[in-house]
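Engineer: Sharing a structure, written as structure tokens. Questions coming.
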Amino acid sequence: MRIKVNGVELCVQTQGNPADPPVLLVGVTTSSWPDELVAELAGRYVVRYDLRDAGESTFVDPDAPGYDLRDLVTDASELLLALGVGRTHVVGMGVGGFIAQLLALDHPDQVASLTLVSTRPVAPGPVDADLPDHAPELLGQLFGRPQPDWTDRGSVVDYMTDSARLMSGSRGFNEQDARAAAGSLFDRTGRTAEAQRASHLGTMFAAIDCRPRWRERLGEITAPTLVIHGEEDLFFPHGNGVALAAEIPGATLLTLPGVGPGLPRVTWPVVVDALLRHTS
């Protein structure tokens, strides 16, 4: 369904019984969270959505966005109000973790618990001296390749599958899952190169204003927090998850051995159990 919030329309998917504890999953698109993984979260009312300029939500110009990171946080807050779900368990992955952290800081009454997956406590750009940055060898492999034809399904699926192979760690790569995810997202996204690139790569985060910093405020988070991070994450290396867990009061760190960013299928038995316990 499409829900109007904060001057835009967001494409939203819900699953489960609205009477069950609500869980908001924040990535770039609904496809950040595989259907089979969501189905494992039995007993939860799960909400996924496409950020603006991604998927099937309002699309204007991800390369020159007329909004900032706080607008994306307001989108999430108003979405929860529009759905009438009350205090919600918030799970943010990757750049969605920026939104989740700020939702917990700026709208604490809406956040029942916080889970941060494969993210970091600072915005895109140069990292703090004590945090590990993107691994140079990964960036060279990722961005040293020819770009796909973003308007061609096969080209995009091949490119995103190769990206998953480079990033997934020694245990995390599943070619069938990677190809299915890329194909599904291509099919539900506008056919322009800009729309496809933004939806698959979250390129709007390279352009939006993310100021002011929030790392220094992490000690203000009161929601029970679980940090999940792949031990072999070369994009936001594991030390970022360690820092989040250390700086958020009472946070717990769950390290996933042998995997990179995200929640590949091999992690689901452990991750689903942890999420169900954390959101109970």
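The values are calculated or read from the model by the stated rules, or taken from the named source; none is laboratory data. A quick note: this is a predicted structure, and the numbers were derived from the prediction, not measured. Here Cβ is always computed from backbone atoms with ideal geometry, including for glycine, and neighbour counts include all displayed protein chains. Each accessible area value is taken on the protein alone, full model and side chains, heavy atoms only, with ligands, DNA and RNA left out. Shrake-Rupley method; radii C 1.70, N 1.55, O 1.52, S 1.80 Å.
Engineer: Looking at E78 and the list (1) in contact (Cβ under 8 Å) with a residue 12 or more places away in the chain; (2) part of a loop (DSSP other than H, G, I, E, B); (3) open to solvent by 50 Å² or more (accessible area, probe 1.4 Å), which single condition is not satisfied?
Structural biologist: (2)
Engineer: For residues that are buried (at least 19 other Cβ atoms within 10 Å of the Cβ) and either touching a strand residue (DSSP E or B) at 6+ places or on another chain (Cβ under 7 Å) or among the acidic types (D, E) (or both), tally how many sit in the stretch 14-37.
Structural biologist: 10
Engineer: Look at D209 and say whether it is open to solvent by less than 20 Å² (accessible area, probe 1.4 Å), at pLDDT 95 or above and in a loop (DSSP other than H, G, I, E, B).
Structural biologist: no
Engineer: Name the one entry in T203, T255, T267 that is open to solvent by 40 Å² or more (accessible area, probe 1.4 Å) and within 26 Å of L139 (Cβ to Cβ).
Structural biologist: None of the others qualify; the one that does is T255.
Engineer: What pairs can you find where one residue is in the stretch 243-264 and closer than 11 Å to L226 by Cα and of a type in the set (A, V, I, L, M), the other is assigned to a loop (DSSP other than H, G, I, E, B) and open to solvent by less than 50 Å² (accessible area, probe 1.4 Å), and their Cβ atoms are less than 6 Å apart, with a gap of 6+ or different chains?
Structural biologist: From the stretch 243-264, the pairs are L244/P121; A245/A251; I248/I221.
Engineer: Taking the condition of being in a helix (DSSP H, G or I), open to solvent by 50 Å² or more (accessible area, probe 1.4 Å) and touching a residue at least 24 places away in the same chain (Cβ under 8 Å), how many residues in the stretch 128-166 meet it?
Structural biologist: 4
Engineer: Can you name every residue in the stretch 88-121 that is touching a residue at least 60 places away in the same chain (Cβ under 8 Å) and open to solvent by 10 Å² or more (accessible area, probe 1.4 Å)?
Structural biologist: Scanning the stretch 88-121 gives H89, M93, G94, V95, L105, P108, A112.
Engineer: Let me ask another. Go through (1) small (G, A, S); (2) under 17 Å from P132 (Cα atoms); (3) open to solvent by 10 Å² or more (accessible area, probe 1.4 Å); (4) touching a Ser or Thr at 6+ places or on another chain (Cβ under 9 Å) and name the single condition A181 misses.
Structural biologist: Just one mismatch for A181, condition (2).
Engineer: Still on this structure, please answer the following. If you go through the stretch 57-71, how many residues are among the aliphatic types (A, V, I, L, M) and surrounded by 18 or more Cβ atoms within 10 Å (Cβ to Cβ)?
Structural biologist: Total meeting the criteria: 1.
Engineer: Out of the strands (runs of 3 or more DSSP E) lying entirely within the stretch 1-71, which hold 2 or more residues that are under 14 Å from the mean Cα position of the chain (by Cα) and not hydrophobic (A, V, I, L, M, F, W, C)?
Structural biologist: The strands (runs of 3 or more DSSP E) meeting that bar are 45-49.
Engineer: For the stretch 39-49, state whether one or more residues are at pLDDT 95 or above, open to solvent by 20 Å² or more (accessible area, probe 1.4 Å), in contact with a Leu (Cβ under 9 Å, 6 or more places away or on another chain) and over 24 Å from R277 (Cβ atoms).
Structural biologist: The answer is no, given that none of the residues of the stretch 39-49 is at pLDDT 95 or above, open to solvent by 20 Å² or more (accessible area, probe 1.4 Å), in contact with a Leu (Cβ under 9 Å, 6 or more places away or on another chain) and over 24 Å from R277 (Cβ atoms).
Conditions tested, residue by residue: (1) modelled with pLDDT of 95 or more; (2) within 18 Å of the chain's Cα centre (by Cα).
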residue: L185; (1), (2): yes, yes
residue: R213; (1), (2): yes, no
residue: I228; (1), (2): yes, yes
residue: P237; (1), (2): yes, yes
residue: L253; (1), (2): yes, yes
residue: R277; (1), (2): yes, no
residue: S280; (1), (2): no, no
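Engineer: I've got another one for you. In the stretch 227-267, which residue that is of a type in the set (S, T, Y) and in a strand (DSSP E or B) is nearest to D35 (Cα to Cα)?
Structural biologist: Only one residue fits best here, namely T255.
Engineer: Okay, moving on. Report yes if R191 is more than 17 Å from the chain's Cα centre (by Cα), at pLDDT below 95 and in a loop (DSSP other than H, G, I, E, B), otherwise no.
Structural biologist: yes
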